[in-house]
Amino acid sequence: MDSLPINKYVATAVVASLLYVGICRRRTSKVYPPGPPADLIIGHARVFPLEYFHTVFADWGKKFGNIIYVHILGRPIVIINSLDVARELLEKRGVNYSDRPTSTLYDMMNWSRAIFCLPYGDRWRPLRRMIAEKFTPTAVKTFFPVIETEVNDFLRRFESDPLGYKTNMHRLFSSMTINLVYGYRVTTDNDPYVASIEHAAYLTAKYTPGAVPVDFLPILRFLPAWFPGAGFVSHAKETDVLIQGLCDELNGIVTKQRTAGTAAPSLMAQWQEDYENSELPGVSYEDLKLTGFCTYVAGVETTESTLLTFFIMIIHHPEVAKAAQIELDAFIAEEGRLPSLQDRPRLPYIDCILKETFRASSPAPMSIPHVSQNDDEYEGMFIPGGSMIMSNIWYGNMMNDESVYPSPSDFNPERFIQKDGDAPILDPTDVVFGFGRRICPGRHFADSALWLAIASVLSVYDILPPIHPKTGKEVLPKIEFTSAVTIHPKPFDCRVIPRSAKHLALLHGAGDL
Ligand code: HEM
């Protein structure tokens, strides 16, 4: 899976801060949150991790506690290792903690106009409102037919290609999201629009974040492109032109279809209509087009990562698949059909599996960094304004903490079955999507899409380990994760095999088991 711009944007922000020659803050008598020992001037540059942030910060958390302060060349970074601290700062004090880091290179590529990069304030607010209105738990139901169509196609593709889960899954989420945003159906594995968007992602990621001098000497953006070493200038321009071209083209498809009266329901069709009816105050047409594109970018990799985690976990835990299939078979026997999203309340074990999948590996384990605007104090500790705030969703009383989830390394959906008298257990869905005013606006859509994908695939198929070509025996793939802003399991092989001819027939509308 190629890294998408949201990934690279955050990496840029983090690494740029490593290289950023900030004005060294004069240490005052103020008490900062604890942290590892710092070097003179460069601060924590030598100890700051460049990968697997979440596990390193979890280790630091065991030594230094729930809130940690480090600085790189004077640029303050606060690491939050606890849900309580995240809620206090990012939610209750959200007015101060909802900004984002900046990057000159991203600005040159025009990514700084993107919803996930915009600073907290008057440009971000109307765009956020525009997205949020379409993604409330009720509004998102408009898009259930999109989810159901795409999941059905996903299941059918396994009939002819039981080993090709990677391509199939990528197509599921790219097709579902481009369908959601533009009402456009992907019909091949090599769709030209998906390929172009991924090329834009590749171009965005081409320059190593922070290794481009312009990220710490912004004046360099004005160098002429022919100047030796100024390749980034034409590169940024090329990326910008490609993205703007794609925004225009995809938006143009929707406009034409609306004129012809053939537009499928989509976010862009709704937004265009709202715009024409002057219902989007503060949103320019250029912003509207880019926001559609950003919604696609933000939606694909995270959802795909979650379903990949589900696949690898289920290969290792056939007993979980069996328990789910007992619940699903009882439903199918009664209804004579595959479950739909309306059936969710009747299939609670699938909910438990989804929660456990989010818990086992949060797709964005360090969320997207926030930035504080003004100086603040938390439990007597000083947090300077302009601090980059990194929340360790993966750990910190959140997903992998023994005190919250006993035996956190076990994949055990049963932990979410609430028995009478049990204290409520933290729902990972309340954490994996981030916090406060910047919380993921696509969360209800993602949650619904993933629920249906899990319920459907387990209804029809078994997800099994690959067979060793020589021994003919099953080989369990290793569970290993990549390291980036959004993480996912490293590539593995598996077989997706129909449970029986009768279960497969459900895909084609034949009922009885
Ligand atoms: C499993 C799937 C997903 C996960 C785990 C996820 C997670 C996140 C996280 C952690 C953030 C940062 C929140 C913060 O700053 O506190 C975020 C932001 C965002 N997400 Fe998601 N996301 C998912 C799916 C989606 C989908 C499907 C969409 C759109 C269709 C979407 C759109 C966005 C946008 C636009 C932002 C930026 C919000 C802003 O800066 O105001 N996400 N997401």
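Here, each number is a calculation from the coordinates, and none is a lab measurement. For clarity, every value in this text was computed on a predicted model and none was experimentally measured. FYI the Cβ positions are ideal-geometry reconstructions off the backbone, even for glycines, and counts take in every protein chain you see.
Some notes on this structure:
- Which listed residue, of PRO213, PRO162, PRO218, is over 22 Å from THR102 (Cβ atoms) and surrounded by fewer than 22 Cβ atoms within 10 Å (Cβ to Cβ): PRO162
Every residue, every condition in (1) of a type in the set (Gly, Ala, Ser); (2) touching a Lys or Arg at 6+ places or on another chain (Cβ under 9 Å); (3) surrounded by fewer than 19 Cβ atoms within 10 Å (Cβ to Cβ); (4) at positive phi, yes or no:
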residue	(1), (2), (3), (4)
GLU91	no, yes, yes, no
TYR97	no, yes, no, no
THR104	no, yes, no, no
TYR120	no, yes, no, no
ARG123	no, yes, yes, no
PRO126	no, no, yes, no
ALA132	yes, no, yes, no
ALA139	yes, no, yes, no
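- For segment 469-488, the criterion of being more than 17 Å from MET313 (Cα to Cα), surrounded by fewer than 19 Cβ atoms within 10 Å (Cβ to Cβ), touching a residue at least 24 places away in the same chain (Cβ under 8 Å) and not polar (S, T, N, Q) is satisfied by no residue at all.
- Hey, GLU133 in a helix (DSSP H, G or I) and within 23 Å of ASN374 (Cα to Cα) or not: no
- Scan of segment 283-305 for residues that are within 15 Å of the ligand (Cβ to nearest atom) and small (Gly, Ala, Ser), ordered by number: GLY292, ALA298, GLY299, SER305
- Some residue of segment 435-458 being surrounded by 15 or more Cβ atoms within 10 Å (Cβ to Cβ), of a type in the set (Val, Ile, Thr) and assigned to a helix (DSSP H, G or I): yes
- Among (1) crowded, with 20+ Cβ neighbours inside 10 Å; (2) in a strand (DSSP E or B) - the single one GLU377 does not satisfy: (1)
- Number of positions in segment 127-138 that are within 12 Å of the ligand (Cβ to nearest atom) and of a type outside the set (Lys, Arg): 5
- Subset of segment 251-267 (residues that are out of contact with any helix residue (DSSP H, G or I) (no Cβ under 8 Å at 6 or more places or on another chain) and of a type in the set (A, V, I, L, M)): ALA260
- Test result for ASP410, surrounded by fewer than 20 Cβ atoms within 10 Å (Cβ to Cβ) and within 16 Å of the ligand (Cβ to nearest atom): no
- Flag for HIS508 being out of contact with any Pro (no Cβ under 6 Å at 6 or more places or on another chain), within 22 Å of MET169 (Cα to Cα) and surrounded by 13 or more Cβ atoms within 10 Å (Cβ to Cβ): no
- Any hit, segment 226-240, residues being surrounded by 14 or more Cβ atoms within 10 Å (Cβ to Cβ), among the acidic types (Asp, Glu) and within 16 Å of the ligand (Cβ to nearest atom): no
- If only residues of segment 454-477 that are in contact with a strand residue (DSSP E or B) (Cβ under 9 Å, 6 or more places away or on another chain) and among the charged types (D, E, K, R) are counted, the one that is nearest to GLY299 (Cα to Cα) is ASP462.
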